[in-house]
1. For the range 29-42, give me each residue that is out of contact with any Gly (no Cβ under 6 Å at 6 or more places or on another chain), open to solvent by less than 20 Å² (accessible area, probe 1.4 Å) and not in a strand (DSSP E or B).
2. Please go through the range 43-67 and pick out each residue that is aliphatic (A, V, I, L, M) and open to solvent by less than 20 Å² (accessible area, probe 1.4 Å).
3. With respect to residue 4, is the statement that it is part of a loop (DSSP other than H, G, I, E, B), at pLDDT below 85 and either more than 26 Å from residue 136 (Cα to Cα) or touching an Asp or Glu at 6+ places or on another chain (Cβ under 8 Å) (or both) true?
Amino acid sequence: GTATERFDDTYIENCVFSGTSDLGMRQSVEYAGTYRRCTGGGNSFSGIASGVFKECSAGGNSFANRLEASGTFEDCVAGSSSFGGGTSTLSVASGTFKRCIAGDFSFGFYDCTGVFEDCVAESNSFGSANVSGIFSATLKNCELTASTPSSFTGTMRGCSIRATGVNQSALQVGTGAKIFDSTLIATGTGESI
C-alpha cells in the first residue's frame, strides 16, 4: 500500500517476506529497525534502508533500490540494483557495509560515500554513474568489476577492481584519492588508472 510509517524500535528475526510479485514488504516505508536473518524476494526492503540488517538476503531491487541505504549492513546478500542501487540520481549508499554481496548497479550507483569492508559487487556499482557519480567511499578488501569506471576520490585498501569490456580501464582516480595495496586490472589496451 502507501504506508509511510517509520519503525525505529522494530526487531524482526528469522522472517521470510513474500508476495505474489515479491512486493509484499510494504514499499515506501523507511526500514529503521533491526532485521536479522530475514529473507525476501525482489523489491524487498525497498524503502529507505536506515536500520540494521544482519545476515539478510533478498532478490534484485532490494535494500533501498533507487533510494538511500544509510543503515548498517552485515553479511547481507542481494541481487542487482540493491543497497542504494538502481540507475536513479537518488541511488545512494552512505551506510556501513561489511561482508555484503550484490549484483550489478548496486552499492550507490549514483552516490557511493559509505564504508565498505570485504564487500563484492558486479559491474556498474559503487557510484559508477561515470562523470556524474560520486565515489568517495572508504573501501577495505573489496572486489568489484567496472564496466564504467568511476572517478574515485575516497580511500581504498586491499581491494581488487577488474575492468570488463574491450580496452577498458579499471578506475578513474580523482583529486584526494588514497589507494593502498590494491590490484587494478584493465582489459586490452585500457589503462589501469
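The values are calculated or read from the model by the stated rules, or taken from the named source; none is laboratory data. Computed from a predicted model, the values in this text were never measured in an experiment. Don't worry about glycine lacking a Cβ; one is built from the backbone with ideal geometry, like all the others, and counts go over all protein chains shown. With ligands, DNA and RNA removed, areas are computed over all heavy atoms of the protein, side chains included. Shrake-Rupley method; radii C 1.70, N 1.55, O 1.52, S 1.80 Å.
1. If the condition is that a residue be out of contact with any Gly (no Cβ under 6 Å at 6 or more places or on another chain), open to solvent by less than 20 Å² (accessible area, probe 1.4 Å) and not in a strand (DSSP E or B), then 38 is the only one that fits.
2. 49, 58, 64
3. So residue 4 passes the test.
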